[in-house]
Amino acid sequence: MTIQPQQGELLLNLARRAIRQSLTGAPANENVPDDPTLHAPAGCFCSLHTQGTHLLRGCVGIVDARSPLYRAIQDAARSVLRDPRFQNRAVQLDELNRLEIELSILSPMTRAEHPLDFDPEKDGIYLTIGEEAGLFLPQVARETGWSKEQLLERLCSEKLGLPENAWKSDAAVLEKFTTQILGPEPF
């Protein structure tokens, strides 16, 4: 799925509206776009960063492609306000004018033959070990410069709550994906 600029702007505006509605307590307004492309199922993530510093203020998404993209965007946008990493300093309404919003539209997942079978510059990774699972968007490698091994180690320790070397287990299953990024734009 390729999102055209006008479709991207519509999705960014849907996300902004969903966040504002959540913060103000307004009833959720399901804006249903006419565009059939936006009705195709897709996974997505919504990220909020502080303008200027790019400090993360929330990043939450939907991995599975079960819902229409427009609805997944709205759900991810509402959920970004409940990112558990920021529960003690949640995003506030008066902070929105200092934030940037970014949407990542996920391609379908493909299973990697081995946990090191991915390109950190272009692929996002979704690692499952037993009941635990975690994901890094492709932007993580580009922004941090971490190697494949470092990405997998951090994914195990930070997202799965497992030892850093757990990715070497026979039970580890890696799926990879690419993203189309919309933004970042001022909120």
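Where a number appears in this text, it was derived from the coordinates with a stated rule and is not lab data. Given the structure is predicted, the values throughout are model-derived calculations rather than measurements. Reconstructed Cβ throughout: ideal geometry from the backbone, glycine too, with neighbour counts over all protein chains shown.
Number of residues in region 21-45 that are farther than 27 Å from E95 by Cα and not small (G, A, S): the value is 9.
Need at least 1 residues that are under 12 Å from A172 (Cβ atoms) and touching a strand residue (DSSP E or B) at 6+ places or on another chain (Cβ under 9 Å) per element, so show me which strands (runs of 3 or more DSSP E) inside region 95-161 make the cut, counting only ones lying wholly within it.
Values: elements: 99-106, 124-129, 132-136.
Correct list: 124-129, 132-136.
Residues that are closer than 23 Å to F177 by Cβ and either among the polar types (S, T, N, Q) or not in a helix (DSSP H, G or I) (or both) within region 72-94 comprise Q74, S79, D83, listed in sequence order. Working only within region 1-34, note down all residues that are in a helix (DSSP H, G or I) and farther than 18 Å from L48 by Cβ. Residues satisfying the conditions are P5, Q6, Q7, L10.
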